[in-house]
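The structure under discussion appears below in the form of structure tokens.
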């Protein structure tokens, strides 16, 4: 069994044996200056499509190809089909949320504007950078997509009706999350977490009436939005997602 | 039903009707300068023993009693008996972990030194301050205690044998967490999360042999120590702890 290099990079390029891959300037700087790699050192590459590959450093000069793909480390496999829709919160917690959601296997991050959402501007490029870094570090073979912010009405209108939407309701009107996950038992799901001020009553009422919505409850302590999202994603992975399976012998 | 004041303060003083309570200098500054309270405004007080009380501002001068306790808002009730032992991590994530663990109902935080623990100094006073602030904001009636850091051997030797210890093992040797929690089904529990470098093999072997230990697994993605702790605590609350119950009609 060949050891997987500790350094993993997410790249755009197609990956196959003998392909040359040019890292971005940022990646080149990271490899050469931060990690002090040299010619013939190895890294792992993934692109979300072709699995994970071992690649060798040819050169970390600014010109010319830098990495050559050698052999396959892991095949691309299906990953959890889990979305997270969230009202933008302040910079530190939202960066943090993107990182943690990535570690917790979220496939798609959707910022949603609600009535009580204070934070009206969101740098989705920065969220993507956070997601890429977390994906590289946690060993995922994909990076979650980050949607452009959209109003709650649009989220609801465009929501795929076969995807169960679990709405985190801090007013106590929902089912205990474990019970809700057992009953729904769906591997195609999304969570919606409101802003720090909570959903407006009219928003909650509208959500509750939707056939694809299950309103869930996370107990009596008032959780911050990021805590609630991380907690709910963890429960889903433990009860429905891929934490059920033992590790593969890779 | 009387409305609970939005501002909650954790105090040392005994709480009963007509008691006078002197806030700390920090609390006085917070009430007067940050929240701009005035005479006859109300706050909620709790001390971890006497439930929650409504109190009225008499004065926010530096001299003399400042608050008078008026009426009871909530009785003290039993809270989850959940501990979290963790190898200290860097300042931002460890502060964050103390906040989130408090929101997630942990009763006791225990910093543990393991072989691969890089962070050897930990300001437990700062962790306590983080826990107090989180407890005030999340509506708890208690604040978790923060133990002084201790070596893993001491943690194990002094661990109460009737308290189930769930060890988070990122090497894949544990049972899926939902299964482990179902089988153990204990309301007296603790989690142990290792440092970013993981436990040493000898440490894991020693832990595995203990009759009160269950080794658990959180899937194939490599979680940061703080993510793993928050995820595990969330699963416990959802499956064993107080997220099972609907909200009381308070």
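What follows is calculated from the coordinates using simple rules that are stated; it is not laboratory data. Here the structure is a predicted model, which is why all the values come from computation and not from measurement. Don't worry about glycine lacking a Cβ; one is built from the backbone with ideal geometry, like all the others, and counts go over all protein chains shown.
Computed quantities for the displayed model
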quantity: Binned Cα-Cα distances of segment B:101-242, short to long, each 5 Å bin given as a whole percent; calculated: 2, 9, 19, 23, 23, 16, 7, 1, 0
quantity: In nm, spacing of pseudo-spin labels at residue B:63 and residue B:186 (7 Å Cα→C-beta vector); calculated: 5.7
quantity: P(r) of segment A:100-142 over all Cα-Cα pairs, binned every 5 Å from zero, in whole percent; calculated: 5, 20, 27, 19, 15, 9, 5, 1
quantity: Longest to shortest principal axis, alpha-carbon extents of chain A, angstrom; calculated: 60, 39, 31
quantity: Relative contact order computed over chain A (Cα-Cα under 8 Å; 6+ residues apart), in percent; calculated: 18
quantity: Selected from A:172, A:48, A:194 as most flexible by GNM, with chain A as the system and alpha-carbon contacts under 10 Å; calculated: A:172
quantity: Peptide A:95-101 - average C-beta neighbours from other chains (10 Å radius); calculated: 2
quantity: Cα pair distances exceeding 31 angstrom across the protein assembly as shown, given as percent; calculated: 49
quantity: Angle in degrees between helix B:91-103 and the longest Cα principal axis of chain B, rounded to the nearest 10; calculated: 70
quantity: Label point distance in nm, residue B:121-residue B:17, each placed 7 Å from Cα along Cα→Cβ; calculated: 5.1
quantity: Footprinting exposure proxy for A:142, A:4 (fewest neighbouring C-beta atoms within 10 Å first); calculated: A:4, A:142
quantity: Ellipticity estimate at 222 nm from DSSP helix runs (n ≥ 4, -39,500 (n - 2.57)) divided over the protein assembly as shown, nearest 500; calculated: -8500 deg cm²/dmol
quantity: Shielding of B:222-229 by partner chains, average beta-carbon count, 10 Å; calculated: 4
quantity: Pairwise FRET efficiency - residue A:40 versus residue A:200, Cβ, R0 = 56 Å, nearest 0.05; calculated: 0.40
quantity: Helix B:124-138 axis, angle to chain B major axis (alpha carbon atoms, nearest 10°); calculated: 60
quantity: Angle in degrees between helix A:225-239 and the longest Cα principal axis of chain A, rounded to the nearest 10; calculated: 80
quantity: Chain lengthening between residue B:108 and residue B:78 when straightened (0.36 nm per residue, less Cα-Cα); calculated: 9.4 nm
quantity: Spherically averaged projected area of segment B:1-123 from its Cα convex hull (nm²); calculated: 9.4
quantity: Computed over segment A:8-74, the ratio Rg/Rh where both radii use C-alpha atoms and Rh is Kirkwood; calculated: 0.92
quantity: Percent RCO, i.e. relative contact order, over segment B:8-74, from Cα pairs under 8 Å lying at least 6 residues apart; calculated: 40
quantity: Gap separating the Cα centres of segment A:206-228 and segment B:182-250, nearest whole Å; calculated: 23
